[in-house]
1. Give me, ordered by chain and number, the residues 5 or more places off GLY111 or on other chains with an amide H under 5 Å from its own placed amide H.
2. For the residues LYS7, LYS201, LYS599, what sequence is obtained by ranking on other C-beta atoms within 10 Å, fewest first?
3. What order do you get for LYS115, LYS346 when you list them from fewest to most C-beta neighbours inside 10 Å?
4. Just how far, in whole angstrom, is the stretch 46-99 from the stretch 509-570 if you go by their alpha carbon centroids?
5. What list do you get for PHE257, PHE329 if you sort them by fewest beta carbons within 10 Å?
6. Restrict the search to the stretch 600-638; then list the trypsin sites (Lys or Arg not before Pro) that DSSP places in a loop and that have at most 11 other Cβ atoms within 10 Å of their Cβ.
7. Answer rounded, prolate or oblate for the stretch 103-221, using the Cα gyration tensor with square roots of eigenvalues a ≥ b ≥ c: rounded when a/c is under 1.5, else prolate when a/b is larger than b/c, else oblate.
8. In the chain, what percentage of the DSSP-assigned beta bridges are antiparallel, given to the nearest 5?
Amino acid sequence: MKYGFVKVAAAIPSVKVADPAYNAKHIINQIKEAAENKASVILFPELCITGYTCADLFQQDFLLESSEKALETIINETAEHDIISILGMPLLFKSAIYNVGVVIRKGEILGIVPKRYLPNYSEFYEQRWFRSGKDIISRKMILCGQKAHFGCNLTFRTKELSFAVELCEDLWAPVPKSADFVQAGAEVIFNLSADNDTMGKYNYVQNLVKVHSSQCICGYVFSSCGFGESTTDTVFGGKCLIYEMGEKLCEAERFRFEPQIIYSEIDIEHIRSARRTNMTFASFMTQENDIKEINIDAEGHEATLTRHINRIPFIPSPEETDKQCNEIFAIQTMGLAKRLDHAGCKNVVVGISGGLDSTLAVLVCAGTFKQLGIPSENITAVTMPGFGTTDRTYNNAMALMKALGVTIREISIKEACINHFNDIGHDINRHDVTYENSQARERTQILMDIANQVNGMVVGTGDMSELALGWATYNGDHMSMYGVNSGIPKTLVQHLVKWIAENHSDSTVKETLIDIVNTPISPELMPHDENGNIKQKTEDLVGPYELHDFFLYNMIKNKFTPEKIQYLAEKAFEGIYDKETIYKWLTTFIRRFFVQQFKRSCLPDGPKVSDVSLSPRSDWKMPSDASFESWLDNINKI
């Protein structure tokens, strides 16, 4: 597929215990179905050819022979399909029976992987029937008339990806073998499992796969048996999971009576990028091991991208909103509290415009002072009406300051700016960058001087999206003594203010905050229209912030190419923005991000909140004069 995506499938077949011929028939159907759906790899449950719950029947020669015949049937019946299949079966080797995963493609056995760790629980006596394969290291054996690699140290590489196989309990070990596999370069782990269902166990399994895929920076595909297995003492509800670096891409519906297949696309390019930049993982990769890699001449398939693309990557999921918003607000307040404590400062000054950023900043100040036991009157909130200030933003600013009980100061900047225009010989009717930036710098001068008056510090209000675009006046609103919003993108600022309004405000403040959230984003540096409404709307000038935050996340966090970002944005914003609109604002983002780096190179301190930060001291180090031309050339290929 394009841009590093590989389509994988996990299946739960129809099973009859100890009937390999029946099971093979249904496995064949699912392999063909997955091939038709352009999957590159399909995974089946542990011992799927016989059924997991055969118990002492595993020691019967007839079942072992029937299992091998069934595998041969599967190999022959699927030989024309270019898909890799991973199947589970019992295998007799040198008078011992092993629980194995068999990897096949186009009529060929590519490798056989034995289970290393055998459970001996009250309901699963695997050690009674099978021998551990932990000492089987890359041997050769004959299976279905083919000579094949047999060992617990095998990885497989195609032109799309490198992968490895482990079986059920192997994942539960203190140090799973997959840790060695990823060290050797495996990007996806396929786990054939037979995991029964008891109360609460599914959550445990999900967490296990989630954490392991995150820790190993890999994709993880898990398939466990379902309906048809014996229910003498346990029930197998069917678990299929596809994860990528801790993110769940897809899961099966449990306790279904019918067979099913789930599909998703794992982003191998993303995994490789994450591994390159994770120095802990990079040092881990230098260690030697005994892994043998098997090369597979498979090209991969062109398939439609079906996985969900999050168009608001900075926003917490609904079920995590309360927890994560509380955490974000706590990070902001603790950051400011430490700076105040270090400076021995009990006063802050913050400019209030009636917009989103200054609203969040003053809420953080109020929360910090409450935690420190400092009166809210020590917060000097300054509203500075200018040529573009509207009644709506002015009234919201005043209402918010009164509700928070802060010290309110109102200082108009109009006369000072007019005098300044006269001093530098600028026509007040010429509404250019000088006209705008003079107002921003006048406001910053007022805040800094008031901070000197009250022996306090200026708290900055600018957010990370503005920093990415350079949408700030150099040494104007660009500057402060501590920037509490510098790690928070605009979409998250809006989300936080709305969350505070709905969860931590009385009715009066809530109404004000909701109106602030619904107010068009604007610096209000241009005169308002004849009806007193905001005329200068930021998103009309530089583009929608939801797009820019999507670009920012995927460029900085995921390190995707512009071409891939455009592709993903078209999927994520389908029905919202067309291809041409996305292209227009992506090129704008790239140009502005590069040429405005000089503003980020001298940022005030501020707390990191998410995986993305533009601080020049820690997360983002970039030359201020780097060229953006090759990035634009990349997107122009589309």
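Here, each number is a calculation from the coordinates, and none is a lab measurement. Bear in mind that the values here come from a model prediction, so they are computed numbers and not experimental data. Please note: Cβ atoms are built from the backbone with ideal geometry, for glycine as well, and neighbour counts cover all protein chains shown.
1. VAL103
2. Least crowded to most crowded, the residues run LYS201, LYS599, LYS7.
3. Values: LYS115 28, LYS346 15.
Lowest count first: LYS346, LYS115.
4. 57
5. PHE257, PHE329
6. ARG617, LYS621, LYS637
7. On the way: a/c = 1.95, a/b = 1.23, b/c = 1.58.
Judged from the Cα gyration tensor, the stretch 103-221 comes out oblate (a/c at least 1.5, b/c at or above a/b).
8. Among the beta bridges of the chain, antiparallel pairing accounts for roughly 55 percent.
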